[in-house]
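Single-structure report; data block below.
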Amino acid sequence: MDRDPEFVVPATALGAFETGDDGTRAWAGALPSVAADVLREWELRQDGVVRSGEAGVVVPVRRADGTLAVLKLQVPRAETTAAIIGLDRWDGRGIVRLLRSDGVRGAMLLERLHSDRTLEAVEDDDDAVQVIGSLLSRLHSAPAPEGIPRLRTILSEMLDAAPTAMRALEEDDRSRLRRWMHRVADLEAEPGHHLLHWNLHYGNVLAADREPWLAIDPEPLVGDPGFDLWPALDSGWSSDDTVTEAPRIVRRRFDTLTEMLDLDRHRAAGWTIARLLQNTLWDVEDGHAAISASAKTVDDALAPVRGVGGR
């Protein structure tokens, strides 16, 4: 198949990466040529509008046999390699299927899902969280492969960074962060061994033909399943100022997920606090001087759970 002379990466897609580090900007500059080469070598034809995301670009394509797929191109780095390894291990069980990959170029050929319909479109939140729980159960059941980051390492890095970050916060927030640090330190000895998605919020679940719903965009990590709950607990309400019942939403989702995944509620609340700590450290790194309101909402909503052991 000859290279498609009309293929271009829109400036709007490339612009999302102009503020990245040197490696990201270099990747963005080479992306049109890399994408064209991959399209030619894998016998793909562009079949839709190129879209950009947080980590890369997605090109809807049609394969030589006529089947629909998407070509995802990301910066070739450790996170991209981990995504390829994780998707290969899951092999489409509860998640988008990886059809072909090239880690050196950060290229993944994935089955085509319905990108215009995410789990956010489901009106009944009980139904939506049931979908999340079912997907997480399947994803966590896959044996963790080599080459995936370990939660143990991340926890150690978080606890090392927290004292410095604390100095950027107001006193009330420092007290909260200090409590989170103590809770995470209690969990550090047993970081878990399951294969986690790490980013399964409602927007990362798409409608599909092969199954009603499938996960996308994993950031694979090996650790405790409780560390995988926060994205679903936070979905939707945290970006909607009209929501007035956020604590009730968080508690109901937490109850459903811990029951479906058979998790110890006290430990799962602790692992959710670990996610709040991680997010706050990232926020401080980005120049914020306060714990986010949504993090405080989740923390306060789980207060009755975090102080009591047992299921």
Exercise. Looking at (1) touching a Ser or Thr at 6+ places or on another chain (Cβ under 8 Å); (2) farther than 29 Å from residue 28 by Cα; (3) surrounded by 20 or more Cβ atoms within 10 Å (Cβ to Cβ), can you tell me which one residue 130 breaks?
Worked result: (3)
Exercise. So residue 112 clears everything in (1) modelled with pLDDT under 95; (2) buried (at least 19 other Cβ atoms within 10 Å of the Cβ) except one condition, right? Which one?
Worked result: (1)
For this session: Would you mind finding the one in 91, 65, 47, 102 that is more than 17 Å from the chain's Cα centre (by Cα), outside the structural domain of residue 132 (by TED's automatic domain parsing), of a type in the set (Asp, Glu) and at pLDDT below 95?
Result: 47
Exercise. Residues of the range 242-258 being exposed (fewer than 13 other Cβ atoms within 10 Å of the Cβ) and not β-branched (Val, Ile, Thr), which ones?
Worked result: 245, 248
Exercise. Which of the residues that make up the range 12-30 are modelled with pLDDT of 80 or more and touching a Ser or Thr at 6+ places or on another chain (Cβ under 9 Å)?
Worked result: 25
Exercise. From the list 222, 243, which one is assigned by TED's automatic domain parsing to the domain that holds residue 271, touching a Phe, Trp or Tyr at 6+ places or on another chain (Cβ under 6 Å) and β-branched (Val, Ile, Thr)?
Worked result: 243
Problem set entry | Residues (buried (at least 20 other Cβ atoms within 10 Å of the Cβ) and within 20 Å of residue 221 (Cβ to Cβ)) located in the range 90-109 | 90, 94, 95, 96, 98, 101, 106, 108
Exercise. Here are some residues: 107, 36, 11, 26. Which one is among the small types (Gly, Ala, Ser) and in contact (Cβ under 8 Å) with a residue 40 or more places away in the chain?
Worked result: 107
Exercise. Looking at residue 249, is it in contact with an Asp or Glu (Cβ under 8 Å, 6 or more places away or on another chain) and either in the same structural domain as residue 274 (by TED's automatic domain parsing) or of a type outside the set (A, V, I, L, M, F, W, C) (or both)?
Worked result: yes
Seminar exercise, completed: When residue 178 is run through (1) touching a Leu at 6+ places or on another chain (Cβ under 8 Å); (2) in the same structural domain as residue 225 (by TED's automatic domain parsing), the failure sits at (1)
For this session: Report yes if some residue within the range 70-82 is in a helix (DSSP H, G or I) and charged (D, E, K, R); otherwise report no.
Result: yes
Exercise. What is the one condition in (1) surrounded by fewer than 18 Cβ atoms within 10 Å (Cβ to Cβ); (2) out of contact with any Asp or Glu (no Cβ under 9 Å at 6 or more places or on another chain) that residue 62 does not satisfy?
Worked result: (2)
For this session: Could you please let me know if residue 75 is in contact with a Ser or Thr (Cβ under 6 Å, 6 or more places away or on another chain) and buried (at least 18 other Cβ atoms within 10 Å of the Cβ)?
Result: yes
For this session: Would you be able to say whether some residue in the range 123-136 is more than 17 Å from the chain's Cα centre (by Cα), farther than 19 Å from residue 203 by Cα and in contact (Cβ under 8 Å) with a residue 12 or more places away in the chain?
Result: no
For this session: Select from the range 260-273 the residues that are among the charged types (D, E, K, R) and in contact (Cβ under 8 Å) with a residue 60 or more places away in the chain and list them in ascending order.
Result: 267
Exercise. In this structure, is residue 277 crowded, with 22+ Cβ neighbours inside 10 Å, under 18 Å from residue 142 (Cβ atoms) and touching a helix residue (DSSP H, G or I) at 6+ places or on another chain (Cβ under 9 Å)?
Worked result: no
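The values are calculated or read from the model by the stated rules, or taken from the named source; none is laboratory data. Since we're looking at a predicted model, the values are computed, not measured. Every residue, glycine among them, receives a Cβ derived from its backbone with ideal geometry; neighbour counts consider all protein chains shown.
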